[in-house]
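Report on the following structure.
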Amino acid sequence: MNESQSFTVNGRAVEVQGHEAGSLLGALRDELGLTGAKPGCGIGACGACTVQLDGRTVRACRTTLAQVSGRHVLTVEGLAQADRLHPLQQAFIDHGALQCGYCTPAMLVTAHALLAETPHPTREQIVARMNGVLCRCGAHLRIIAAIESVAQRSTGNP
Amino acid sequence: MSAPHPRPPRRIAVPHDARGLSRREFLRRVGAGIVMLLPASWPGAHAQSPQRLYPEDFNAYLSIGRDGRVTVYSGKIEMGQDVVTSQAQLVAEELGVALERIEMVLGDTDRCPWDMGTFGSLTIRMFGPALRAAAAQARATLLDLAAARLGVGTGELQASGGVVRVRAASERAVSYGELARGARIAHVVDAKAALKAATEMSVMGRSPARLDALEKVTGAAKFTADLRLPGMMCARLLRPPVHGARLLEVDVSAAQALPGVRVVREDDLVAVLHRDPQAAADALARVRARWSAPSSPLDADNVHEHLRGVLVDAKTIAEQGDVTAARAASPRRFAAAMRKGYVAHAPIETHAALAQWRDGKLTVWASTQTPFPTRDAIAARLRLDRAAVRVITPWVGGGFGGKSESAQAIEAARLAVATGAPVQVARTREEEFFFDTFDPACVVTIDAGLDAAGRIAYWDYAVYAAGERGAAPIYDLAHQRIRAYGRSAYEIDPSAPSVHPFAVGPWRAPGANMNVYARESQIDVLAQAAGVDPVAFRLAHLGDERMRRVLRTAAASFGWQPAAGPSGRGVGVAIATDAGSCVAACAEVTVDRTSGRVSVRRITCAQDMGLVVNPDGARRQIEGALTMGLGYALGEELRFRGGDILDRNFDRYRLPRFSDVPRIDAVLVPNDTLAPQGGGEPAITVTGAVLANAVYDAIGVPQRRLPMTPERVLGSLAAR
């Protein structure tokens, strides 16, 4: 039984055809052409598909269309405003906080949610929050440094 | 079966297949401009394939277009190691153009000359010199052209920023683009091209932002599974339940009855395809299959004994002095056997491929480290000429050796030809674990002893199943013998179940992680017996000045305080040579004696990798290698039983996470007179070793098995 689900993605209203049990990840990637969120494990264990739902991070592979109906989804494609990178994106570039880049969208979306909730996180808070997203290349320390640099900047302190 | 499928043609005639294109034909395709051809005979350029499509006498090239843009065609691929930037830096430096003017074309078998694959920390070390020479010679050619154009001698000219200027009159200038406009020049590069000295460099030795960074932080970067083609079908393949199982019967009727499903059965291949990947997965669940049920008796605990039993042919790696006599004379002898389990590559991007069969041409986008061998394998399997197959490599989401094998590309290619539709094969995580070419379980035995003066009297070393990388002598010992049993760890060995219960293959610094761990932990056993500080003990047996300097740098940067072990402080040291680089690491750990859990506090790693093309990129590789190495050292080991892979996802197979990563200090030891050496692998080879030695120092018990799980650390304490 096919039906359509309506929600917003990166501020834009969308309507996708699909069963309400279908995954958000599939809708984003196959119907909306937003391939920033990546498949990685299919069971919510690697975090590569992380997106935000009303500001909270969710695993898109384990999120059904029924769960997102009428709500707001933010993906990595929505972080930059027009041609202006989000400070986190710039910090990831400046700190070399990526290698293969496959987990980078999930890292950015997760860090973005963290800073929205906790603008000045401790290192322990960063580690605890980022721990759910796997990186095999070993960019972890750079990712922490990039997040810290954005958090510090927003305090107005050096 | 569904509708009849177009059969693959027997053979498609393409002229010059085996011989490659003629030089003339190649240049006609490339068009006007200035083209630098790298000879295949270039040392280390690795073009020893008789099966290229390009003219046989060169294996890479760069071209300068009419707009002054420089395009570099390299068969290497980008999987995180940032060779997209470092290769561009080599060319920008020697050619004298801005980095932004360079476009990199990587891993496309129709556009790039043949390359054996991206592995072994070879890109900058082996391919780099050729690329630099090509750029240097291009610059010399441009100077010649400019001299003629401007009516002055080349000695009066200087080239930079893509412009040639008269030194004494800088308004007299001509751009590379203008020079290329009227030109149709193809130069074969020779070794005469003068490379810049380190002191003259302005692009090499700097750390520009990655060229792929912008698209990777915006989500625009396309990996293979991100690609879509009109009419694309997603395939799911029927897979055996355990390794060694054979398909006895299959019933696809229930799957075939589903709307929109296509089924392909071809020899060993049974696949269901649908436009929607979830529908393909649902259809696969309706395929009923009966398999033979072989039962391998091997598991993670008994496999080492098995390996020592079946691997009986030894290759002698080194033999010096008289080990037998020295052993007999040695008053203090120490024998040890060290073991390591199977380790998964586990890139976060699983193997994926997209294949399109159109007008007699098969185009396959694949996440692979070996686009050219993969193209050849596809052509062979489908009985096509190689010229009818093109492999394109998008950004690769991690490889670590595991994407040297690319069976998914062959599967996608077969299905595209069978169905006539573009077909995507993207492995599930369960398939990724099941079909991984694992880092093999392995064993090292060492029999070594001290003389009366507390120096190493003899060293008798045998490695089983890991291969010989990292096993060659590093210390100056009068009496030593080193033997390797079994295959080289570079080879993909699908020989299940005769040696291993499933496929094994190269894993970042193949074999070296085990060999360095085994050697360095036994060195610490000897140092402790001699009552000598482990750094001092190493220096006392180490003649190579380069290695000595790296070890001293690591110790000084770490703040190493000499003491005989075990000191209880939880500090360790280890050294290695790998991929032309010298590496030394010091680490500090704490061990919870109740739980057995090892916490790594910090690691300092010093590395002499010759001239450093991109210092921050080099440090990123060191940090990444050490971080990845935490896994095989402390936690990662595949569990399996009866041919079944028990760990098939990240809920059971645990990768290092943010909370596991210690402070890391990566120190580059300057050595600008040595050409660039390998950077992607060396630091991972010392990770297991340095952590094993730090644990030994903490609890006083040598660690004889990797990974050092809490249970094993506790067990080693109990057995003391």
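Coordinate-derived values only; no laboratory data. Note that the structure is a prediction, hence the values are computed from the model and not measured. Using ideal geometry, Cβ is built from the backbone for each residue, glycine included, and neighbour counts are taken over all protein chains shown.
Using R0 = 30 Å, the C-beta based FRET efficiency linking A:D94 and B:R552 works out to 0.35. Amide H contacts under 5 Å for B:R469: B:A489, restricted to partners 5 or more places along the chain or on a different chain, H placed in the peptide plane at 1.01 Å from N.
Look at where the Cα atoms of the stretch B:86-163 and of the stretch B:258-298 average out, and the two centres are 49 Å apart.
Taking every residue in A:31-40 and counting other chain Cβ atoms within 10 Å of its Cβ, the average works out to 5.
Sorting B:T368, B:T85, B:T673 from the fewest to the most surrounding beta carbons within 10 angstrom yields B:T673, B:T85, B:T368.
Taking other residues whose beta carbon is less than 14 angstrom from the beta carbon of B:A530, and scoring Lys, Arg as +1 and Asp, Glu as -1, yields +1.
Straight-line reach from B:K76: which lysines have a Cα under 16 Å away, not including same-chain ones fewer than 8 places off? Within the straight-line cut-off, B:K76 pairs with B:K403.
For the pair B:E215 and B:R181, what calculated FRET efficiency results from E = 1/(1 + (r/R0)^6), where r is the Cβ-Cβ distance and R0 = 35 Å, to the nearest 0.05? So the FRET efficiency works out to roughly 0.70. Computed on the Cα atoms alone, the convex hull of chain B gives a volume of 168 cubic angstrom per residue. Close amide-amide hydrogen proximity is noted between B:D385 and B:I12, each under 5 Å apart and 5 or more residues distant or on a separate chain (H modeled in the peptide plane; Pro and chain starts excluded). Taking 23 Å as the straight-line reach from the Cα of B:K315, the lysines in range (excluding those fewer than 8 positions away in the same chain) are B:K340. Residues A:C135, B:C582, A:C61, B:C442, arranged from fewest to most other Cβ atoms within 10 angstrom of their Cβ, appear as A:C61, B:C582, B:C442, A:C135. Relative to a virtual label point 7 Å from the Cα of B:A675 in the Cα→beta-carbon direction, which members of the stretch B:108-134 show backbone nitrogen distances below 16 Å? Output list for this probe position: B:121-134.
Residues B:L238, B:L526, B:L626, arranged from fewest to most other Cβ atoms within 10 angstrom of their Cβ, appear as B:L238, B:L526, B:L626. Rg over Rh for the protein assembly as shown works out to 0.97, using Cα positions for both radii and the Kirkwood form for Rh.
Using the Cα gyration tensor of the stretch B:241-321, with a ≥ b ≥ c the square roots of its eigenvalues, what is the shape: rounded (a/c below 1.5), prolate (a/b larger than b/c) or oblate (neither)?
It comes out prolate by the Cα gyration axes.
Helices assigned as whole DSSP H runs in chain B whose Cα atoms extend at least 15 Å along their own long axis and whose mean Kyte-Doolittle hydropathy is 0.5 or higher are found at B:83-95, B:128-150, B:407-419, B:687-699. Taking 17 Å as the cut-off, the amide N atoms of the stretch A:49-79 that come nearer than this to a point 7 Å along the Cα-to-beta-carbon line of A:S6 belong to A:65-73. Computed from label points 7 Å out along Cα-Cβ, the spacing between B:A472 and B:D267 is 3.9 nm.
In the stretch A:1-102 the Cα-Cα distances spread across 5 Å bins starting at 0 as 3, 13, 22, 25, 18, 11, 6, 2, 1, 0 percent of all pairs. Taking a ≥ b ≥ c as the square roots of the eigenvalues of the Cα gyration tensor, the stretch B:549-683 is classed as oblate, since a/c reaches at least 1.5 and a/b does not exceed b/c. Counting Cβ atoms of other protein chains within 10 Å of each Cβ in B:652-659 and taking the mean gives 6.
Helices in the protein assembly as shown, meaning DSSP H runs of at least 4 residues, each add -39500 (n - 2.57). Divided by all residues, the mean residue ellipticity at 222 nm is -8500 deg cm²/dmol. Label zone (B:A540, point 7 Å along Cα-to-C-beta; backbone nitrogen cut-off 17 Å) within the stretch B:443-475: B:448-459, B:475. Modelled spin labels at A:E117 and B:A329, positioned 7 Å past Cα toward Cβ, are 6.9 nm from each other.
The simple spin-label model puts a point 7 Å past each Cα toward its Cβ; for B:T594 and A:Q152 those points are separated by 3.6 nm.
In this structure, B:R275 and B:L717 have a Cβ-Cβ separation that, at R0 = 51 Å, corresponds to a calculated FRET efficiency of about 0.30.
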